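Visitor: Quick one: the structure is below, and I'll ask about it shortly.
Every number in this text was worked out from the coordinates using simple rules, so none of it is lab data. Keep in mind the model is a prediction, meaning the values are calculated, not measured. Cβ: placed from backbone, ideal geometry, glycine included. Neighbour counts: every protein chain shown.
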Amino acid sequence: MAVETLTTGAGLLGIGAGLAIGLAAIGTGLAQQQIIAAVLGAISEDPKMFGKGLFFIVLPETLVIFGLVIALMLMGNIG
Amino acid sequence: MLRPSRMSRLFVLGAKSRLDHITKRLQELKIAHIIEHRKGEYGLCDPLKTSDRYSSLLVKTRSIISYLKVLPGKIHKRDIDDEILEDTLDKIQKQVLDALAVLKKNSDQEQQAKLILNILDVMEDLKVTPGDFRKLERITSWIGEVDSGFEHHLRKITTDYLIRTAPSKQRIRIALFADRDRKDEIEHVLLRCNFSAFDVEAARGMEGSIRLLRKQEEAKISVAQTQMVKSDRVLEQLRTRHGSLLVAIEEYLEKKSAQAQIPLSFGATEETFFLECYVPTDRVKRLKWELDLVAEGKIHFKEKKLTKDEEVPVELNNPKGLKSFEFFTRLYSLPKYDEFDPTLLMAFTFPLFFGFMLGDVAYGLITFIIFFMLRQKFPAGRQFFNILITSSVASMIFGALYGEVLGYELWHGLIVRTHDVMILMEIALVAGAIQVNLGLLIGCYLVWKEHGFAHALYEKLSWIFIEVGAVLLYLSYNNYIPLLPVAGWIVFGIGVLLLIKGEGFTAIIEIPSVFVHIVSYARLMAVGLASVYIAVMVNLFTSFLWHKGVLFIPIAIIALLIGHLFNIALGVLSPSLHAIRLHYVEFFTKFYSGGGIEFAPFGKEKEKSII
């Protein structure tokens, strides 16, 4: 059974990986929440802002990508 | 290609007698970006004599178009007879205004009748008739709503009145008749009970029973509505008959009016006019030749040297196949005249990044077909769809490399995305390192040319020293190369010192940014993985349903379709936005500032875009 062979350290690494991506996703969500509100306001004023607005919305997604990179690196150490 | 078109600044002096012909030719040529003349030693040139006529005709045409609600659209080219324009427009305007007047009259009548019907409803409720409200010498009357308890207050001051009441939500409707002598006192009570009067003016003077009056008003409404439908039909006929002619006239007048008013941007003396304009250098000869011809030799040209501070308009100069990608450059900001035009680089890397993320043969094929059809349907968005079509092809090529079709691994590709995550990440980071450093090198070249080598070294090359230092440190500390870490520290230190010299001490906090920008390219792997995992999950779910029994097969097919369509929608949106972002944020910031003004030659209409 795979579960039995896992050490405490590996478990902690797994939790760390989860936290890395989870917290990063929360950060991205918080940032996007405000950007999306502003972008929707801008679009209702001028529908031409749609393209630019969409671009601004994805800006904070970098955070979650960094989270993923860290998570992958941690998971690599478990193996 | 990598630079906007070269421009020349031309000074043109001509005889006023040929102004008409010269402006007309300038408008047709569409190659001169006119610089507005500022009033100074020489005044402004007067507009052409035809200016007033065309302006007023244009206003008239636009008002008819707005009355008729003609929608802009593609129209067939028509020949406009300038001499009978007034007559044509007057005739159409009269027909339109007549139809509108009938429409308005009937609409007013309908409103009035509806108002009376409302009043009649209230009166019926209170069991009174309009006749009860005729003006009497001794009696005064009110009709409206009051708060409950009104009659109690009223009785305190008089009992000499007649009241009809009916409940109305929280309040009470009343029709009250009383002695004119007590009017003020009663109104005081009414005020205290928040009386709000109904306007019965429209029904005043009417005689007869409510039923009869209602029938009369309903008949009026029906007549008015029939008339309104008729007028609408007339307007509709006018719209189909004259719509495209009006749009054609509007375009013709816009052109004529612009031609008549362009001399306002010129300077003038008594007998001559002069103008300054930017013309693409390769078209200067043609402009001179053409204008000389229409001016019958009464024209003189002088080329002026461009100065450094001058804001020269920018005309992007890319081969036809790459023109579509100018869309992205414009979306960010046009380059300045002396700047590097990044369109060519984007045309290469955008589809590459897109394909790397959405690498699936079937997805690529489906998006290719969808965007191809959309391009036919919306010609205005041609540029944008061309980019996406190119990207779909890239998607198919990468799909073949990964061996992926709808998330299934049909053949063993060079990279298996679900297993080789770290390889994907390494490729993404290498792509990032290449693009970021390419940006730095281009920036270095531009700064070198503009401000000299020292500035280029401090501002741009310092970053490359820092990067090389960091890589050496990583390799030496991990014993990948037989080198003491001190070498890495020295290179890193030189980079930091150069940076501080160029940008000041605060630049130290910026040092991680170059690495952050490179790591940011990991999104190429991340977005791709998200896409492939969604596809795999959809497939797993479908096969689970498929094996559950014959009854579940239709559900499995629906799940497969919806799942993959959702993934395709997400798969187009996300990779394109992230690919654009990598260019704008990570790449452009190294060498590009933008802010150029668009080359807008006289006579060229503004291009329409979809976003």
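Visitor: How long are the three semi-axes of the equivalent ellipsoid of chain B, in whole Å, if each is the root of 5 times an eigenvalue of the C-alpha gyration tensor, listed from largest down?
Guide: 68, 45, 29
Visitor: Limiting things to C-alpha atoms, what are the Rg and the maximum Cα-Cα separation (Dmax) for region B:339-388, in angstroms?
Guide: Rg, Dmax (Cα atoms, Å): 12.7, 40.
Visitor: If you don't mind, there's one more thing I want to ask. Take each of the peptides B:304-316, A:13-25, average the number of other beta-carbon atoms within 10 Å over its residues, and list them starting from the highest.
Guide: On the way: B:304-316: 14.0, A:13-25: 16.4.
Listed from highest to lowest mean packing, they are A:13-25, B:304-316.
Visitor: Okay, moving on. Where Rh is the Kirkwood radius over the Cα pairs of region B:102-142, the temperature 37 °C and the viscosity 0.692 mPa s, what D in µm²/s does Stokes-Einstein return?
Guide: 273
Visitor: What Kirkwood radius, in Å to one decimal, follows from the Cα pairs of region B:130-207?
Guide: On the way: mean 1/r = 0.0775 Å⁻¹.
After inverting the pairwise mean of 1/r, the radius is 12.9 Å.
Visitor: Hey, for a label at B:Asp232 modelled as a point 7 Å past Cα toward Cβ, could you say which residues of region B:82-119 have their backbone N under 17 Å away?
Guide: Answer for region B:82-119: B:99-111.
Visitor: Whole Å is fine, so just give me how far the alpha carbon centre of region B:365-440 lies from that of region B:23-95.
Guide: Each part's Cα centre sits 48 Å from the other's.
Visitor: Please find the FRET efficiency linking B:Gln170 to B:Asp199, where r is the Cβ-Cβ separation and R0 is fixed at 22 Å, and quote it to the nearest 0.05.
Guide: Values: r = 21 Å, r/R0 = 0.96.
FRET efficiency, B:Gln170 to B:Asp199: 0.55.
Visitor: What is the pair-distance distribution P(r) of region B:152-305, computed from all Cα-Cα distances in 10 Å bins starting at 0, with each bin given as a whole percent?
Guide: Once binned at 10 Å, the Cα pair distances of region B:152-305 give 7, 16, 14, 10, 9, 9, 10, 11, 10, 4, 0.
Visitor: With 10 angstrom as the radius, rank B:Ser51, B:Ser209, B:Ser576 by how many other C-beta atoms surround their C-beta, starting from the fewest.
Guide: Arranged by neighbour count, lowest to highest, B:Ser51, B:Ser209, B:Ser576 become B:Ser209, B:Ser51, B:Ser576.
Visitor: Another one. Which of the aspartates and glutamates could a cross-linker span from B:Lys49 if the Cα-Cα distance has to be under 18 Å and same-chain partners fewer than 8 positions apart are dropped?
Guide: Straight-distance partners of B:Lys49: B:Asp20, B:Asp82, B:Glu83, B:Glu86, B:Glu254, B:Glu270, B:Glu271.
Visitor: Taking the Cα atoms of the protein assembly as shown, report the difference between the largest and smallest coordinate on each principal axis, in whole Å and largest first.
Guide: 119, 94, 60
Visitor: Would you list which lysines come within 30 Å of B:Lys377, measuring only between C-alpha atoms, while excluding same-chain residues fewer than 8 positions from it?
Guide: Here the lysines satisfying the reach criterion relative to B:Lys377 are A:Lys48, A:Lys52, B:Lys30, B:Lys69, B:Lys74, B:Lys77, B:Lys255, B:Lys320, B:Lys323, B:Lys604, B:Lys606, B:Lys608.
Visitor: What are the membrane-span-like helices in chain B by this rule: whole DSSP H runs, Cα extent along the axis at least 18 Å, mean Kyte-Doolittle hydropathy at least -1.0? Could you put the intermediate results ahead of the total?
Guide: On the way: long enough: B:51-68 (25 Å, 0.05); B:85-125 (59 Å, -0.32); B:210-261 (66 Å, -0.56); B:343-357 (21 Å, 1.84); B:361-377 (24 Å, 1.36); B:382-402 (29 Å, 1.09); B:421-451 (44 Å, 1.45); B:462-477 (22 Å, 1.53); B:485-503 (27 Å, 1.61); B:523-546 (34 Å, 1.60); B:553-581 (41 Å, 1.67).
TM-like helix candidates: B:51-68, B:85-125, B:210-261, B:343-357, B:361-377, B:382-402, B:421-451, B:462-477, B:485-503, B:523-546, B:553-581.
Visitor: Please give the contour-minus-distance gain from B:Ile370 to B:Asp179: 0.36 nm per residue of separation, less the Cα-Cα distance, rounded to one decimal in nm.
Guide: Length gained between B:Ile370 and B:Asp179: 60.7 nm.
Visitor: By how many nm would the segment from B:Ser593 to B:His455 lengthen if fully extended, with 0.36 nm per residue of separation less the alpha-carbon distance?
Guide: 48.0 nm
Visitor: Here's something else I'd like to know. Tell me the net charge near B:Tyr521. Cut-off is 12 Å between Cβ atoms, B:Tyr521 excluded, with +1 for each Lys or Arg and -1 for each Asp or Glu.
Guide: 0
Visitor: Can you give the Kirkwood hydrodynamic radius of region B:479-611 from its Cα pairs, in Å with one decimal?
Guide: Every distinct Cα pair counted, the radius reaches 20.7 Å.
Visitor: In Å and whole numbers, how far do the C-alpha atoms of region B:437-529 stretch along each principal axis, longest first?
Guide: 40, 38, 23 Å, listed from the longest principal axis down.
Visitor: Related question: Using a cut-off of 9 Å between beta-carbons, work out the net charge of the residues near B:Gly594 (Lys and Arg +1, Asp and Glu -1, B:Gly594 not included).
Guide: Taking every Cβ under 9 Å from that of B:Gly594, the sum is 0.
Visitor: How large is the helix-only mean residue ellipticity at 222 nm for the protein assembly as shown, computed as the sum of -39500 (n - 2.57) over DSSP H runs with n ≥ 4, divided by its residue count, in deg cm²/dmol to the nearest 500?
Guide: Calculated at 222 nm, the ellipticity per residue is -20500 deg cm²/dmol.
Visitor: Counting other beta carbons within 10 Å of each Cβ, put B:Met396, B:Met123, A:Met49 in order, fewest first. Walk me through the numbers before you get to the answer.
Guide: Numbers: B:Met396 20, B:Met123 24, A:Met49 17.
The order, fewest Cβ neighbours first, is A:Met49, B:Met396, B:Met123.
Visitor: Now, a different point. Would you compute the Debye intensity of region B:4-51 from its alpha-carbon atoms alone, equal scatterers and no solvent, and pass along log10 I(q)/I(0) at q = 0.22, 0.28 Å⁻¹ to two decimals?
Guide: The Debye formula, applied to the Cα set alone, gives -1.06, -1.40.
Visitor: Subtracting the Cα-Cα distance from 0.36 nm times the residue separation, let me have the gained length for B:Glu137 to B:Lys114 in nm, one decimal.
Guide: 5.2 nm
Visitor: Whole angstrom only: what separates the Cα centroid of region A:1-59 from the Cα centroid of region B:144-222?
Guide: What the calculation gives is 64 Å, centre to centre.
Visitor: Now for a separate question. Taking every pair of distinct Cα atoms and averaging 1/r, then inverting, what Kirkwood hydrodynamic radius in Å comes out for region B:287-329?
Guide: Numbers: mean 1/r = 0.0707 Å⁻¹.
After inverting the pairwise mean of 1/r, the radius is 14.1 Å.
Visitor: Over the Cα atoms of region B:320-590, how large are the radius of gyration and the largest Cα-Cα distance (Dmax), in Å?
Guide: In Å, with Rg to one decimal and Dmax whole: 22.4, 76.
Visitor: Sort B:Trp463, B:Trp448 so that the residue with the fewest other Cβ atoms within 10 Å of its own Cβ comes first and the one with the most comes last.
Guide: Neighbour counts put them in this order, fewest first: B:Trp448, B:Trp463.
Visitor: Now, a different point. Per Stokes-Einstein, at 4 °C and 1.567 mPa s, what whole-number D in µm² s⁻¹ belongs to region B:69-190, with the Kirkwood radius over Cα pairs as the hydrodynamic radius?
Guide: Result for D is 66 µm²/s.
Visitor: What percent of all Cα-Cα pairs in region A:13-78 falls into each 5 Å bin, going from 0 up to the bin containing the maximum distance?
Guide: With a bin width of 5 Å, the distribution comes to 4, 20, 21, 15, 12, 10, 8, 6, 3, 1, 0.
Visitor: Just to confirm a number: summing +1 for Lys and Arg and -1 for Asp and Glu over residues other than B:Gly359 whose beta-carbon lies under 14 angstrom from that of B:Gly359, what do you get?
Guide: Taking every Cβ under 14 Å from that of B:Gly359, the sum is -3.
Visitor: Given that compact globular proteins tend to follow 2.2 N^0.38 Å, what is the ratio of the alpha-carbon Rg of region B:351-481 to that value?
Guide: On the way: Rg = 20.5 Å, N = 131, 2.2 N^0.38 = 14.0 Å.
That works out to 1.46 for region B:351-481.
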